[in-house]
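This report concerns only the one structure given below.
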Amino acid sequence: GGDTGAPPSGGDAESRARSVEATVGVRSAHGSHQFYLSYVRSRTEGHLNDLNTVAGNLAQPQVLPDQRAPLPVDVPHRLLAWGIISLPWRLTISPFMEVRSGFPFTMIDENWNVVGARNGSRFPLFASLDFAVEKALRLPFGLPARLGLKFFNIAGRNNGRSIQREVARPDLGRTSDPIRRQIRGTLEIAWNKG
C-alpha cells in the first residue's frame, strides 16, 4: 500500500473478483430452436497500481498513489440474451443482446489531478443487439461449411470506448470512439479428421 505511485511492496497487493450467475434456457423438442437469458452480478476490485500500469507495455503517463478500488474491467450488472432459430433451407438466425453496466473511470481536473475516488465514476450503460444469419452447405469434396452474415450493433447505439473525464469541461461525460454498426461475411469450414 502506501501513498507513493509505486506498486505495493511486500506482497500485499491483491485483486479479487466475485460473481453470481443465473441462467435460464428453453429448447424445442429437437433442439432446432433455443433461447437463453443470463444475469451476472459481479464485483472486481484490487490495487490500481499493478506492475503493468506503472512499468509495463500499457504504462500510464501519470502514476498516481496506489489505492484499492474497482478495477477497470468491473461490471456489476450484466444481462445477456441469445438464441438459435432454425429455418427452412438449412438457414439459422442467431440473435445476441447484451446490456451491462459501464466500465469505471476516474474524474480529473484541468491539471490531471484526481477528483473524487479513483474509478469512482462509470461509463453510460452499454447495450448492443447483434445477430447472425447462416446457411449450411457442402463445398466440393463434400466439405461441410456455413456461409453467413454477422450484424453488430444493429440498433446503432453510441457505446463509446473513451469518455471526457475532465470535470471543468462542458462536455463532461460525453463518450467518443463508439462501436459502430458493422456487417461481416463469414465462411466456416469443418475439416473432418479421418
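The values are calculated or read from the model by the stated rules, or taken from the named source; none is laboratory data. This one's a predicted model, so the numbers in the text were calculated from it and none came from an experiment. Neighbour counts are summed over all protein chains in view; Cβ atoms, including those assigned to glycine, are modelled from backbone coordinates with ideal geometry. Just the protein is used for accessible areas: all its heavy atoms, side chains included, with ligands, DNA and RNA removed. Shrake-Rupley method; radii C 1.70, N 1.55, O 1.52, S 1.80 Å.
Cα centroid separation, region 72-111 to region 11-44: 12 Å. The listed peptides 74-80, 168-174, ordered by packing as a protection proxy, come out as 74-80, 168-174 (highest mean of other Cβ atoms within 10 Å first). Accessible surface of Ser176, taken over heavy atoms with a 1.4 Å probe and every protein chain present, rounds to 60 Å². Atom-type composition of the exposed protein surface of region 102-194 places 56 percent of the accessible area on carbon and sulfur (1.4 angstrom probe). The figure for Lys135 is an accessible area of roughly 80 square angstrom, using a 1.4 Å probe on the protein chains alone. Close amide-amide hydrogen proximity is noted between Gln67 and Leu48, Asn49, each under 5 Å apart and 5 or more residues distant or on a separate chain (H modeled in the peptide plane; Pro and chain starts excluded).
So if we plug the beta-carbon distance of Lys150 and Val26 into 1/(1 + (r/R0)^6) with R0 = 22 Å, what FRET efficiency do we get, rounded to 0.05? Efficiency computed from Cβ-Cβ geometry: 0.40. Computed with a 1.4 Å probe over protein heavy atoms only, the accessible surface of region 100-194 comes to 65 Å² per residue. Within the assembled protein chains, the solvent-accessible surface assigned to Arg41 is about 110 Å², based on a 1.4 Å probe.
A cut-off of 5 Å between modelled amide H atoms, ignoring neighbours fewer than 5 places along the same chain, links Arg122 with Phe105.
Each residue of region 139-150 is assigned a 3J(HN,Hα), and the resulting list reads 8, x, 6, x, 6, x, 8, 10, 10, x, 10, 10 Hz, derived from the Karplus form 6.51 cos²θ - 1.76 cosθ + 1.60 (θ = phi - 60°), x at Gly and Pro.
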